[in-house]
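Structure first, then comments.
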Amino acid sequence: MDRACTDCLVLAEDQDELKAFKVEVSAGLSASPKRLHSRFFYDKTGSGLFSSITRLPEYYLTNCELEILRKSGRKITSLFGDREFNLVELGSGDGSKVIHLIDPVLAENRRLTYLPIDLSASALETLTGFLCRHSPNLDVRCIVAEYSSGLQWIKNHVHGPRMVLFLGSNLGNFDQAEAETFLSTVRQGLEPGDLFVIGLDLRKDIETMVRAYNDSEGLTAEFNLNLLRRINRQLGASFDTREFRYYST
Ligand SMILES: C[S@@+](CC[C@H](N)C(=O)[O-])C[C@H]1O[C@@H](n2cnc3c(N)ncnc32)[C@H](O)[C@@H]1O
């Protein structure tokens with residue numbers, strides 16, 4: 001296993017996640033309208049499909065954030081002056097974005113600890129493998145956890161200034177009440193002087209958005225249908241995904 005992967009802390013055990021999945025699926029599919037929470041998209045197959053989606057030209061969010069971080073990564077990390085700090089990333093993904101914050105710090109021989117928090121162990125394994133190759137001197141401590149328990153653990157165990165990242169317009173995965181609870185959880189995890197960096201989409205023409213969330217290669221459709229397959233695999237359901245069509249609105 002890669003060096004960084006050995007530094008992985010697991011707060012969300014598979015058993016507990018399976019229980020939460022069962023409760024959410026049962027409640028969500030009994031509700032009207034039916035709903036399934038987006039946090040369950042990211043089993044191993046789902047995390048892989050999401051990485052492929054971020055490389056599609058239609059999925060403009062990734063390229064847009066990459067452009068901002070490439071141009072302004074150094075400016076953002078210099079907000080801590082030349083102090084050592086902890087870079088905490090919520091729902092980290094494959095690392096293609098965060099290196100634009102990590103590289104300028106390491107180039108100045110400053111110390112940095114990177115702490116990605118994600119429920120998907122497989123996403124974190126891909127990420128840490130990539131970082132071991134890209135930045136072998138980086139101190140990486142990955143945390144397999146739900147956002148709130150990961151942040152609480154960091155608050156109790158990690159000292160020094162923190163920059164918390166939440167990219168990809170992920171706030172859009174929450175409804176209004178969930179978004180408020182999430183933001184207040186983040187706030188409680190911060191000390192005076194810490195920073196929160198959030199990436200949010202802007203209003204734009206509807207065709208651009210529809211193309212981003214219903215790509216021509218059908219990867220987003222697969223990503224969504226994989227959630228039904230996950231319910232089949234892990235909860236013993238019998239959805240026939242050939243009977244389902246994917247729409248994005
Ligand atoms: C849409 S992806 C975003 C990845 C990356 N930040 C980006 O901008 O491309 C969301 C990531 O957050 C993780 N995630 C979703 N809900 C979560 C939760 N409640 N707690 C921890 N991780 C979560 C997923 O496993 C997934 O890796």
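The values are calculated or read from the model by the stated rules, or taken from the named source; none is laboratory data. What you are looking at is a predicted structure, and each value in this text was computed from that prediction instead of being measured. Note that we place each Cβ from the backbone using ideal geometry, even for glycine, and neighbour counts take in every protein chain shown.
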Checklist outcome for this item: With criteria (1) modelled with pLDDT of 95 or more; (2) more than 19 Å from the chain's Cα centre (by Cα), Ile99 comes up short on (2)
Next on the checklist: free of Cβ contacts under 8 Å to residues at least 12 places away in the same chain and assigned to a helix (DSSP H, G or I): which single residue out of Ala179, Ala212 fits that description?
Outcome noted: Ala179
Next on the checklist: I need the full set of residues from region 165-220 which are within 17 Å of the chain's Cα centre (by Cα), of a type in the set (A, V, I, L, M, F, W, C) and either closer than 13 Å to Tyr60 by Cβ or within 13 Å of the ligand (Cβ to nearest atom) (or both), in order please.
Outcome noted: Leu165, Phe166, Leu167, Leu171, Phe174, Ala179, Phe182, Val186, Val197, Ile198, Leu200
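Quick one: is Arg133 away from the ligand (no atom under 12 Å from the Cβ), farther than 27 Å from Asp201 by Cα, outside any helix (DSSP H, G or I) and modelled with pLDDT under 95?
Considered against the rule, which asks whether it is away from the ligand (no atom under 12 Å from the Cβ), farther than 27 Å from Asp201 by Cα, outside any helix (DSSP H, G or I) and modelled with pLDDT under 95, Arg133 comes out as no.
Regarding region 107-127, can at least one residue be identified that is within 28 Å of Gly81 (Cβ to Cβ), part of a helix (DSSP H, G or I) and either among the hydroxyl-bearing types (Ser, Thr, Tyr) or within 13 Å of the ligand (Cβ to nearest atom) (or both)? Lay out the reasoning, then the answer.
Residues of region 107-127 that are within 28 Å of Gly81 (Cβ to Cβ), as a first pass: 107-117, 127.
Still in the running and part of a helix (DSSP H, G or I): 107, 127.
Keeping just the survivors that are either among the hydroxyl-bearing types (Ser, Thr, Tyr) or within 13 Å of the ligand (Cβ to nearest atom) (or both) gives 127.
Taking every residue of region 107-127 in turn, at least one turns out to be within 28 Å of Gly81 (Cβ to Cβ), part of a helix (DSSP H, G or I) and either among the hydroxyl-bearing types (Ser, Thr, Tyr) or within 13 Å of the ligand (Cβ to nearest atom) (or both).
Working only within region 120-134, note down all residues that are among the aliphatic types (A, V, I, L, M) and surrounded by fewer than 22 Cβ atoms within 10 Å (Cβ to Cβ).
Step one: list which residues in region 120-134 are among the aliphatic types (A, V, I, L, M), which gives 121, 123-124, 127, 131.
Residue satisfying the conditions is Ala121 alone.
Table: residues versus (1) within 9 Å of the ligand (Cβ to nearest atom); (2) surrounded by fewer than 19 Cβ atoms within 10 Å (Cβ to Cβ).
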site	(1), (2)
Thr45	no, yes
Pro57	no, yes
Tyr60	no, yes
Asn63	no, yes
Ile68	no, yes
Asp82	no, yes
Phe85	no, no
Ser96	yes, yes
